[in-house]
Amino acid sequence: MASVSVSFPKYMSHIPTRHAGHLAELCIVPRNLSLMKQGSVRELRIVRSSNQTEPLIDCTNKPSDIPLLSCSEATERLKQNREKHKGKQQFLAMYSSIYGGTVTDAAAMAIPMDDHMVHRGHGVFDTAATMNGYLYELEQHFDRIIRSASMAKIVLPFDRETIRRILLQTVSASKCIKGSLRYWISAGPGDFQLSPSGCNQPALYAIVIEDQSLFDSKGIKVVTSSIPIKPPQFATTKSVNYPPNVLSKMEAEEKGAYAAIWLDEDGFVAEGPNMNVAFVTKEKELLMPNFDKILSGCTAKRFLTLAEGLMTAGKLHGIRVDNVSVEEGKRADEMMLIGSGILVRPVVQ
């Protein structure tokens, strides 16, 4: 390997010579170091000890095999990729405030990489079901995303009525009969800094998803999640920051279960990764955990309203939203998961 001369920048001139030698061994390379020689890339190695090296860049004179694509070529590849990986969900229409309009080609449904929601997770979202061509309980979901945006210190890109009109028109353009509308409000694009101060303006995105999967009422197994639950400030905000939720769901799948249920810091039953939990006690009382430390589920609240009819019919003797201990949950006659993606699923194990 050819030797590489390392010269230290001026801001490091105060470092004593004896330490500078150690820095050179660690291969701290200044920005102006050139590794190019006669059109090829030299092999660069990190010195781990006096006699061990690890290659970073392979020595090669071959031209790069990564093509430089035009915009039209990239779009065509996106289309091909969409066709190749079609699933049960189809994306029928997307609105983007960056575009200032709606697109129906899935290949054009994109979000800028420098959007603060993409690289910092600084965004909120919500979902409303589409049933028979109508949006179900849009206002309740809409209230929640506005509340979440306020908690995330994200300014609304438009006034409430304008956002509502955009969402309705996007669903109309999709011609979706059965599916869902998912929409995001982000701090917007601008740069890759931590603070959103460099973002030009907040952004609104909305996508209509057609879902042809059938409703499944089969009983499921749940386990207790070992993944730490989000602190209440973040658990009650419907943000795009979902690593705990994803890891919790993966943990359940690894154990042959449908979902992993979180306990709060006091050991009470909290919620699932993207659904609420409810029980029916032996005394025929509907029992649901408090919403003060978990996400306030729109489907769960609708569930509580419908349950009042079961009380009138004599099938329930009471409804209680309270702390639920693990022991109380295990003693219950019934347990179920509730959410917009699953509606109601009975837990049998």
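The numbers here are math on the coordinates, done by the rules we state, and not lab data. Bear in mind that the values here come from a model prediction, so they are computed numbers and not experimental data. Neighbour counts run over all protein chains shown; Cβ positions are idealised from the backbone, glycine included.
How many residues, within segment 312-322, are closer than 24 Å to Phe268 by Cβ and not β-branched (Val, Ile, Thr)? Walk me through it before giving the result.
Kept after step one, since they are closer than 24 Å to Phe268 by Cβ, are these residues of segment 312-322: 316-322.
Retained after the next criterion (residues that are not β-branched (Val, Ile, Thr)): 316-318, 320, 322.
Number of matching residues: 5.
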If Pro196 passes every condition in (1) over 20 Å from Pro112 (Cα atoms); (2) in contact (Cβ under 8 Å) with a residue 24 or more places away in the chain; (3) not acidic (Asp, Glu) but one, which one does it miss?
(1)
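Any idea how many residues of segment 147-170 are assigned to a helix (DSSP H, G or I), β-branched (Val, Ile, Thr) and surrounded by fewer than 16 Cβ atoms within 10 Å (Cβ to Cβ)? If you could, list the steps in order and put the result at the bottom.
Narrowing segment 147-170 to residues assigned to a helix (DSSP H, G or I): 147-151, 160-170.
Filter again for β-branched (Val, Ile, Thr), leaving 162-163, 166, 170.
With the extra rule that they be surrounded by fewer than 16 Cβ atoms within 10 Å (Cβ to Cβ), the set shrinks to 162.
So the answer is 1.
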Of all residues in segment 282-309, which are charged (D, E, K, R) and in contact with a Pro (Cβ under 9 Å, 6 or more places away or on another chain)?
Asp292, Lys293
